DNA sequence: TATTCTCGATGAATCGATTCATACACTTCG
DNA sequence: CGAAGTGTATGAATCGATTCATCGAGAATA
């Protein structure tokens, strides 16, 4: 056990008095090796604490057993779950993940793809940054022979394998729920219109209104950018409007936080003063108040199935020329923030406690329902 | 621009009519190259969309420009921040991160360290799993010449570079605050006693009691394991006890969530029925209720400085034989959950809106204070 | 003019694995 | 007995970069 550097296959061979080829055969198990020799080799490996050099191996076999994962921000709990899913699948198949946070900036994405190409990752899982039509950096990766699977968001210009969530169904389900609770004046805070995700969520909102024959009011559609500040700003606009909506559908988690900020500042109560529902479940939503009704996305599954798809491509278990698209169904988590307003209430939970807004939560949680799209 | 595989340096050399050495020189900029040749080489590189093979490079120079990051769970917002810090520092220095989630299991840690050795990462950032005294796998990595920097938690047996948070000061600060609010019967829910982090937080608690000359009651010290379930279970025990404490200090975020669950189930109010403070800030703590007073850790900085320390070791900017230990100071975020109880200020729970616990928040938030250790 | 220097460019050796054509030692069979 | 067949073991060539000794041409110097 030499100190200060890793042992090489040659050292193992010498110590075991065999050729390097034999050591390699023992390691790979591909070719048959006599019992005596195998034992000597294994002993030498243990003695030297030998760990085969994956770098040298990669150079020779032209496979690195590593995948790139470019996502927008791991700090977002949604992507943390995606990463776990992707990692679990990757490790189970002997791959390792190189993760990079693009912060949704195209320049960073471009740079990272170049880095991953240099590192010769076998494939790339990509949460595309909202781009302005220029996808040459993505096309170049493909031309180099490295497959890409998109997660969460599909690309606009290039057809690619993609695992995403059914945004239309999710938001339709959610807005439909608001309508069932008796709401007619339902506002939406959308994301940036350049993102497909955002467009689809708006689409689901419109579909739900249409099916209930509620007329769309343009004043109730506020265009945000998926960031907290815009949820706050547009929330204020909605809350201070002449005729305030009775419910708001916020199309992602961060903007929902901004919206709640606005509510707090104006000392308004949810759901008493206004109902709130969100796309993207927030962490700890079960525990803290207001408990927000939300469309919960199968984030772990997005990561896992994305990685599986990519690995299947690498191992040519899929050969379809046309891109594979997997669309997962979200779940609607119904919670306190959209419960029927007390003044309309038909006295559910009328046990003294029930008039206390904050108190209502715990009891409700037990009966929280989950509705799945399709 | 050939399709299906990456160009090699040899192809670039041929196209530019120069030797491979010259191409290498242009790329590295180490040796001077004539202007005409340089131009031809650069043109060829662009034409072929050439991306140097980092694998081949790594084999030759025996440096991979990659770092391993083994942490317990990226889903924990604390570690997501740590990752961002580490990644930012790594990228700024031309390194890439291979991230692995150990879920605090030693077997996984052992396996991952072996994987990282095979991948020949230049160094490893490690959040050690609580181990039962056997650190041979860690020692072996060091013997192989790969430096390790511990994040968040120090190792028990092996002296290692480490970047962590001042747990003692943090929890002392927090418990001191509870005492200042008038509490004398203050309980603590600790983590597993095998973790140094956990021990230190208990230590800070004890120090704060001692300095206020409050006698320690063993019944108020509950031993948990840093998981949500234990916070819930021990919370129930405390809340249902004959003489309930007036305040609880929970020594990490997950257990705090469990504790709040218990509170909810028993329909108890915070801070009216009991004050709560937590080590580890929870995400969205500013926005949702109850707003928990918490010790906020500089997570991003832990990651960044850890990576910086590791890279300095790699570049021999630090040569100190003895391990370097960096201890960062946490901040106390004072929020609603420890505000002075209402029965001491104005009549609560009588009628109408003003008695509603959830209502009190917004006004209070404005006066939230931040206290920094030392 | 002859000699030395400098600057650019070259290409062979190298890193540590895999792979495969080859060889060797034994069986087995005609 | 010799030929063919079988099962192991070997080691040279290879992957794509870096590195450095070497070399040639032209400039500077004696």
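Read-outs throughout are calculated quantities, based only on the coordinates presented, and are distinct from any laboratory measurement. The model shown is predicted, which means the values in this text are computed figures rather than measured ones. With ideal geometry, Cβ positions are generated from the backbone for all residues, glycine too; neighbour counts draw on all protein chains shown.
Computed quantities for the displayed model
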item	result
FRET efficiency, 1/(1 + (r/R0)^6) with R0 45 Å, evaluated for residue B:266 and residue B:156 via beta carbons	0.75
Among A:202, A:69, A:266, residue whose mean-square fluctuation peaks in a GNM of chain A (springs only between Cα atoms under 10 Å)	A:266
Volume per residue that the Cα convex hull of the range B:1-148 spans, once the total is divided by residue count, Å³	138
Pairwise label distance in nanometres, residue A:243 with residue A:229, each label 7 Å out on the Cα-Cβ vector	3.2
Inter-label distance for residue B:62 and residue B:5, nm, one decimal - labels placed 7 Å from Cα along Cα-to-Cβ	3.0
Viscosity 0.890 mPa s, 25 °C: Kirkwood-radius Stokes-Einstein D of the protein assembly as shown over Cα pairs, µm²/s	86
Angle in degrees between helix A:77-92 and the longest Cα principal axis of chain A, rounded to the nearest 10	30
Net lengthening on full extension, residue A:199/residue A:318 (0.36 nm per residue, minus Cα-Cα)	39.8 nm
Within chain B, helix-based [θ] at 222 nm, where runs of 4 or more DSSP H residues each add -39,500 (n - 2.57), nearest 500	-12500 deg cm²/dmol
P(r) of the range B:227-277 over all Cα-Cα pairs, binned every 5 Å from zero, in whole percent	5, 24, 36, 27, 7, 1
Radius, Kirkwood style, for the range B:254-300 when every pair of distinct Cα atoms is counted (Å)	11.2
Span from the the range B:197-263 Cα centroid across to the the range A:94-122 one, whole angstrom	43
Using distinct alpha-carbon pairs, which all enter the 1/r mean, Kirkwood radius of the range A:122-245 in Å	16.4
7 Å along Cα→Cβ, label-point gaps from residue B:134 to other copies, nm, shortest first	5.5
Fewest-first sequence of B:240, A:67, A:209, A:309 by Cβ atoms within 10 Å of each Cβ	B:240, A:209, A:309, A:67
Inter-copy separations for residue B:31, label at 7 Å along Cα-Cβ, nm, ascending	3.8
Point-to-point label distance, residue B:180-residue A:30, nm (Cα→Cβ direction, 7 Å offset)	6.8
Descending semi-axes in whole angstrom, ellipsoid equivalent of chain B, from the Cα gyration tensor	53, 23, 17
DSSP beta bridges in chain B [antiparallel fraction, %, rounded to 5]	15
Nm distances between copies for residue B:272, ranked from closest, using label points 7 Å along Cα→Cβ	1.2
Normalised alpha carbon radius of gyration of the range B:176-323 [divisor 2.2 N^0.38 Å]	1.21
Candidates A:300, A:232, A:50, ranked by Gaussian network fluctuation over chain A, Cα under 10 Å, top entry	A:50
Share of pairwise Cα separations in the range A:174-217, more than 15 Å, in percent	39
Cα-based Rg of the range B:156-195 normalised by 2.2 N^0.38 Å, two decimals	1.59
Value of Rg/Rh across the range B:114-166 [Cα atoms, Kirkwood radius]	0.95
Cβ-based exposure ranking for A:105, A:333, in which fewest neighbours within 10 Å come first	A:105, A:333
Principal-axis tilt of helix A:228-239 within chain A, Cα atoms, nearest 10 degrees	10
Label point 7 Å beyond Cα of residue B:216 along Cβ direction - residues of the range B:164-192 with amide nitrogen under 15 Å	B:168, B:172, B:186-191
Relative exposure of A:313, A:143, A:335, judged by other C-beta atoms within 10 Å (fewest first)	A:143, A:313, A:335
Residue with peak Gaussian network fluctuation, chain B [Cα springs, cutoff 10 Å], from B:283, B:52, B:77	B:52
